[in-house]
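The values are calculated or read from the model by the stated rules, or taken from the named source; none is laboratory data. In this text, all values refer to a predicted model and were calculated from it rather than measured experimentally. Cβ sites come from the backbone with ideal geometry, for glycine too, and all protein chains shown count toward neighbours. The accessibility values were calculated without ligands, DNA or RNA, using every heavy atom of the protein model including side chains. Shrake-Rupley method; radii C 1.70, N 1.55, O 1.52, S 1.80 Å.
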Amino acid sequence: EQNIKITYPIDLHIADKLFQLNCQSPPAGDDSLRSFFTNKVAVIIGGSAGIGASLAALLRSWQSTVVSGGRNSHPAVDVTDAVSVRQFIDAAVSAHGRIDFVINCAGDLIRRDIEFMTASQWRDIYRVNVEGCFNVAQAVIPHFRRQQSGSLLFVGSSSYTRGRGGYAAYSSSKAAVVNFCQALAEELAPVGARVNVASPGRVKTGLRVRNFGLEPEGSLLCPDHVARQMAAALVTETTGSVFDIT
C-alpha cells in the first residue's frame, strides 16, 4: 500500500505522510507497562500542566521517581535557558544517581498569520520548540553516555507533516523537531540511548484553549490518554521514530 501513484491532489498528502521516516503508532498501553517504570527515574520538563502533568502523575502511580519542573513551578526550569536546563538535569542525577527517562513536554504556540506575526514572536516559538530540544539534549547526553543507556522523548505534533495557515511557526518548528530527533538518534545509538518523538493530534490543554477557544466536547484527545501512549513509546526498542498518537 506504500507503493502509490500520484494521480490526484489528495495523493500528495498521502505520499507526504508515508515518506515520514520511521513513523509508527505506539504499542497499546496496558498494565504490563508498569514493570518498565517501577523504581526508575524519570525527568519531565514542562511537567507542571497539560500532557506533562498527566505523564508525571501516571509514572508516579507506577512507582517511578519523577523529577518534574517548568518555568512556573518548583523546581523551576526554563527550556530556553541552557544553564537552567543543565542545572535541572544535573541536580536530578546528583539526587538519584541516574536518569532512565527524559521527556521534554515544553512547547509554545502562537496562532497568527505570517503577515501579522512579529520577528520576536517567530523567534520565541523556535526558541521554545526547537532550541529547547537542543538544550535538553546537550544536558542529557553526558549522563546517557556515562550510563550507556537512556530514553529521551520529545513532544511533536500532528501538524509536523504539513504547514498550516495561521500557525506556520508552530508547524514548521515541529517538523524541525522530528528531523532533530532523527539525527540525534543516530548520534546516540552507539551508547545505547534511544531518542523518539511522540506526535499527538489535538489535545485538550490550556495552551490549546488559549489559542483556539472552547471546542466541541469529545473532539480533542485527553491528556491522560496521550500520557499513557507516551509511556509506551518510552519503553519501545526503536529509536529515531515518530509515534503518532490518536
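Residue pairs whose Cβ atoms lie under 6 Å apart, sitting 6 or more positions apart in sequence or on different chains, and linking a residue in the range 38-51 that is at pLDDT 95 or above to a partner that is among the hydroxyl-bearing types (S, T, Y), are K40/S64; V41/T65; A42/S64; I44/S68. Screening the candidates I99, I103, I110, I125 for the property of being among the hydrophobic types (A, V, I, L, M, F, W, C), in a loop (DSSP other than H, G, I, E, B) and open to solvent by less than 10 Å² (accessible area, probe 1.4 Å) yields one hit, I99. Here is the figure for the range 35-57: residues that are of a type outside the set (G, A, S) and open to solvent by less than 20 Å² (accessible area, probe 1.4 Å) total 6. Scanning the range 161-180 for residues that are without any contact (Cβ under 8 Å) to a residue 60 or more places away in the chain and not in a loop (DSSP other than H, G, I, E, B) turns up A168, A169, S171, S172, S173, K174, A175, A176, V177, N179, F180.
Restricting attention to the range 58-91 and to residues that are among the small types (G, A, S), crowded, with 16+ Cβ neighbours inside 10 Å and out of contact with any Ser or Thr (no Cβ under 9 Å at 6 or more places or on another chain), the residue that is farthest from R127 (Cα to Cα) turns out to be S84. Output the residues belonging to the range 38-77 that are β-branched (V, I, T), closer than 20 Å to V93 by Cα and not in a loop (DSSP other than H, G, I, E, B). Answer for the range 38-77, where residues must be β-branched (V, I, T), closer than 20 Å to V93 by Cα and not in a loop (DSSP other than H, G, I, E, B): V41, V43, I44, I45, T65, V66, V67.
Checked against the criterion of being surrounded by 14 or more Cβ atoms within 10 Å (Cβ to Cβ), closer than 27 Å to R86 by Cβ and modelled with pLDDT under 95, the candidates S171, S151, S157 yield just one match: S157. Within the range 192-203, the set of residues being under 20 Å from V102 (Cα atoms) and open to solvent by 10 Å² or more (accessible area, probe 1.4 Å) comprises G192, R194.
Cβ-Cβ distances below 6 Å connect the following pairs, each with a first residue in the range 53-81 that is closer than 23 Å to G97 by Cβ, a second residue that is assigned to a loop (DSSP other than H, G, I, E, B) and open to solvent by less than 20 Å² (accessible area, probe 1.4 Å), and a separation of six or more residues or different chains: A56/G47; S68/G47; G69/V77.
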